[in-house]
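Each remark here refers to the structure printed beneath this line.
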Amino acid sequence: MPKISLYKNMAAHLRFDVSVEWLLLFEDIEKLKFLNRCVRRGDRFVLTSEEYKAYIVRFYHDDQFNSAYGGWLKSGKDKWKRPTIDHINPRANGGCNMLNNLQFLTWFENRAKCDMTQKEWDVVKHNIKDYLI
């Protein structure tokens, strides 16, 4: 299937008002589809079209996301390394779904971080050997 057809198909099926021309600004259609899948499941993220665009722009070029995404691809898509959206300040602690409170972590790291704040998690990561037998 020609690449333009993939973008047209994506634009036609998105619940957001974005043009094919806008989608074409992002060369890697697979990475774009992955980012879309992360926010389309269920009602966890209710975004306007403008918020969706800001989300794509932010994370498509984000070093942390790209590191996790590249590592996941290199691993043969190991389930433990799959990038997942994490709340820097967890929702359980009053955090929100605002873009500045989101980051991507591997599935494993996200589960280990649980409801810790990023500051708490950074301490645990720094001292991880103290938590392992």
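Listing for the model above:
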read-out: Candidate lysines - alpha carbon under 20 Å from residue 8, same-chain residues fewer than 8 apart omitted; value: 31, 33, 53
read-out: Nearby aspartates and glutamates by direct alpha-carbon distance to residue 81 (threshold 15 angstrom, same-chain neighbours under 8 apart not counted); value: 109
read-out: Net +/- balance of residues flanking residue 48 in space, Cβ distance below 11 Å, scoring K and R +1, D and E -1; value: -1
read-out: From the coordinates shown, semi-axes √(5λ) of the Cα gyration tensor in Å corresponds to which of (1) 26, 18, 15; (2) 36, 16, 12; (3) 30, 18, 11; value: (3)
read-out: Nearest-20 debye value, region 85-133 charge dipole, Cβ charges on Lys, Arg, Asp, Glu; value: 40 debye
read-out: Choice from 20, 123, 57 with maximal GNM fluctuation in the chain (Cα, 10 Å cutoff); value: 123
read-out: Ranked list, fewest to most other Cβ atoms within 10 Å of each Cβ, for 48, 106, 117; value: 48, 117, 106
read-out: Spatial separation of Cα centroids for region 1-71 and region 100-124, in angstrom; value: 23 Å
read-out: Reachable lysines from residue 129, criterion Cα separation under 19 angstrom, eight or more residues apart if same chain; value: 113, 119
read-out: For the chain, calculated [θ]222 nm from helices alone, where every DSSP H run of n ≥ 4 adds -39500 (n - 2.57); value: -14500 deg cm²/dmol
read-out: Net dipole in debye of the chain [+1 Lys, Arg Cβ; -1 Asp, Glu Cβ; about Cα centre; nearest 20]; value: 500 debye
read-out: Segment residue 130-residue 49, length gained on full extension (0.36 nm per residue, minus Cα span); value: 24.7 nm
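Only the coordinates and a few stated rules stand behind these numbers; no lab work does. Here the structure is a predicted model, which means the values were calculated and not measured. Cβ atoms come from the backbone with ideal geometry, glycine included; neighbour counts cover every protein chain shown.
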